[in-house]
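Colleague: So that we are looking at the same thing, I have put the structure below in structure tokens.
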Amino acid sequence: MQRSRQPVSVSKNIQRIAVLTSGGDAPGMNAALRAVVLAADHYGIEVIAFRHGYQGLLDNEYTLMQPKDVQHVLQYSGTIIKSARCHRFKEDSAAVEAAANLNALALDALIIIGGDGSFRGAEHLANHWQGQIIGVPGTIDNDLYGTDATIGYATAVTIAMDALDKIRDTADAMDRVFIVEVMGRHAGFIGLGSAMAAGAERMILPELQKDKPLTISALVKHIHRVQEIRGEGSYVMVLSEHQWPGGAVALAEQLDAEYDLPCRPCLLGHIQRGGAPAPADRILASELGVHAVELILQGKHRVMAGMRANQCVDVPLRDTWEKKNPLAANLLRIQHEIFNPVKKNPRRNTQ
């Protein structure tokens, strides 16, 4: 991983670049697109955008992008150039076809805004095309190695926290158990962040399930213990998707049927991808979009534009998915141990 140095040292004469958004949309992708277009214009570079991700690259579905096209898109979620998943792009023939399309348009570089699947596609394309390829981390999952945050994560946590706050109101009114299912089947960043921000009593995350998966009896024991210590009241748990057979609905039904615990599920689903991007995502996307263009000017290739300790960095694309981006150990400790009311405290009730 290398840190970028300012001012930008231009090592290549770049005339024309392309950009696309790929995979699941993330709040802030439009802000990143805007930054790419404005930065390219600043450096006298022409930009075209492929619509519908890699599928649009294969279909040659592109449009010229100028500053006037992106000037006021910061507040929009989704992506104005559309996104898609393209399973055919895994094939060598698809990468060869894409390379031919890029060469026909006389492109010097391609910027790909997306997550790990998009970056795998970028690495695959790089084996068949000689132009520069730069990744920009756009995914709500926050699971890419080499950057402290990915575009969309802050907004997703804010949306989940807002839902948890509202659910707490009705849970308190009825002294009821609620299960809120959030995205993140492979990484528990949204689950941990929203659980901590909203004060959830329990979180079921992929990282916590690997060594010792939670059992229904252990969960019930924890619920009862919380009620013994805090008295009657609400109990809210955050469940990362695919961490319980049948999800939140099945878990709620099981608790009600087998243990007589009135429980209600709430699936946030794709609502976490919507809404105006949070300020943090708009700012991060703006920095990384400009950084991606400047990496191209520096001659960089097969790297992701990332942010570490408030410094722009570049990370080899393969590292972003081959190396692990762990959950913050201190946040886990605080939420699991300090804020967990079932832990015995020798000082409790000694007065």
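Colleague: Are there any trypsin sites (Lys or Arg not before Pro) in the range 240-340 that are in a DSSP loop and have at most 11 other Cβ atoms within 10 Å? List them by number.
Modeller: Listed in order of number, the matching sites are Lys324.
Colleague: Measure off 7 Å from each Cα along the Cα-to-Cβ vector at Asp175 and Ala218, then give the distance between these two points in nanometres to one decimal.
Modeller: Result for the modelled spin labels: 2.8 nm.
Colleague: Next up: Where only protein heavy atoms count, and the probe is 1.4 Å, what is the accessible area per residue for the chain in Å²?
Modeller: 45 Å²
Colleague: Here's a follow-up. Specify the angular offset, from 0 to 90 degrees and rounded to the nearest 10, of the alpha carbon long axis of helix 116-126 from the longest principal axis of the alpha carbons in the chain.
Modeller: Around 20 degrees separate the two axes.
Colleague: Averaging sequence separations of C-alpha pairs under 8 Å and six or more residues apart, then dividing by the length of the range 154-273, give the relative contact order as a whole percent.
Modeller: 40 percent
Colleague: Helix 189-198: angle to the longest alpha-carbon principal axis of the chain, degrees 0 to 90, nearest 10?
Modeller: Its long axis makes an angle of about 50 degrees.
Colleague: How much length is gained on full extension from Arg333 to Gln311, taking 0.36 nm per residue of separation minus their Cα-Cα distance?
Modeller: On the way: separation 22, 0.36 × 22 = 7.92 nm, distance 2.67 nm.
Gain on stretching Arg333 to Gln311: 5.2 nm.
Colleague: Report, in debye and to the nearest 20, how large the dipole of the range 154-273 comes out about its Cα centre when Lys and Arg carry +1 and Asp and Glu carry -1 on their Cβ.
Modeller: I would put it at about 320 debye.
Colleague: Between exposed GluC sites (Glu not before Pro) in the chain, where DSSP calls loop and at most 14 other Cβ atoms lie within 10 Å, what's the longest gap?
Modeller: Excluding the exposed sites themselves, the longest stretch runs over 92-231.
Colleague: Please determine, in degrees from 0 to 90 and to the nearest 10, the orientation of helix 247-259 with respect to the longest principal axis defined by the Cα atoms of the chain, where the helix direction is its Cα long axis.
Modeller: 10 degrees
Colleague: Moving on. When DSSP assigns beta bridges and you keep just the ones with both residues in the chain, what percent turn out antiparallel, to the nearest 5?
Modeller: In the chain, approximately 25 percent of DSSP beta bridges are antiparallel ones.
Colleague: How far apart, in nm, are two points set 7 Å out from the Cα along the Cα-to-Cβ line at Ala106 and at Lys68?
Modeller: That separation, rounded to one decimal, is 2.3 nm.
Colleague: Using a 1.4 Å probe on the protein chains only, how many percent of the accessible area of the range 154-273 belongs to carbon and sulfur?
Modeller: Details: 2830 of 5420 Å².
The computed percentage sits at 52.
Colleague: Could you tell me which of Val303, His42, Pro245 has its Cα farthest along the dipole of the chain towards the positive end, charges placed at Cβ (Lys, Arg +1; Asp, Glu -1), taken about the Cα centre?
Modeller: Final value for the positive-end residue is Val303.
Colleague: With n ≥ 4 as the cut-off for DSSP H runs, can you work out [θ] at 222 nm for the chain, using -39500 (n - 2.57) per run divided by the number of residues, rounded to the nearest 500?
Modeller: Result for the chain, helices only: -12000 deg cm²/dmol.
The values are calculated or read from the model by the stated rules, or taken from the named source; none is laboratory data. Just so it is clear, the structure is predicted and the values come from calculations on it, not from any experiment. Using ideal geometry, Cβ is built from the backbone for each residue, glycine included, and neighbour counts are taken over all protein chains shown. Ligands, DNA and RNA are excluded from the accessible area calculation, which covers all protein heavy atoms including side chains. Shrake-Rupley method; radii C 1.70, N 1.55, O 1.52, S 1.80 Å.
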